[in-house]
Amino acid sequence: MKLNDIKENEDFYYNEQGYKVFTEKFHLKRGYCCKSGCRHCPYGYDKKTDTFIKKPKN
C-alpha cells in the first residue's frame with residue numbers, strides 16, 4: 001500500500017484534537033497489527049496486556 005492510496009474518511013479521519021485516526025478498513029488493508037493499541041484495531045490487540053483478544057465477527 002502506498003501513502004497516496006490512503007483516503008480521508010475511508011482509511012482515516014481527524015479526531016477532535018486534530019490527530020489522524022486510522023479506521024478498521026485501513027488496518028485490514030495494511031494486513032497486520034502494529035501493536036500500538038489503535039482505537040479501531042480489527043485484530044483485537046490489547047496494549048495494556050500485550051495480548052490479542054479475540055473479537056466476535058459481526
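The values are calculated or read from the model by the stated rules, or taken from the named source; none is laboratory data. Note that the structure is predicted; figures quoted are calculated from it, not measured. Quick reminder, even Gly has a Cβ in these numbers, built from the backbone with ideal geometry, and neighbours come from all protein chains shown. Protein only, heavy atoms only, side chains kept; ligands, DNA and RNA dropped before computing areas. Shrake-Rupley method; radii C 1.70, N 1.55, O 1.52, S 1.80 Å.
Details
- One residue alone among TYR19, TYR32, TYR14, TYR45 is open to solvent by less than 40 Å² (accessible area, probe 1.4 Å) and among the hydroxyl-bearing types (Ser, Thr, Tyr), and that residue is TYR45.
Each row is one residue, and each column tells you yes or no for (1) polar (S, T, N, Q); (2) part of a helix (DSSP H, G or I); (3) without any contact (Cβ under 8 Å) to a residue 40 or more places away in the chain.
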| site | (1), (2), (3) |
| --- | --- |
| GLN17 | yes, no, yes |
| LEU28 | no, yes, yes |
| CYS33 | no, no, yes |
| CYS38 | no, no, yes |
| LYS48 | no, no, yes |
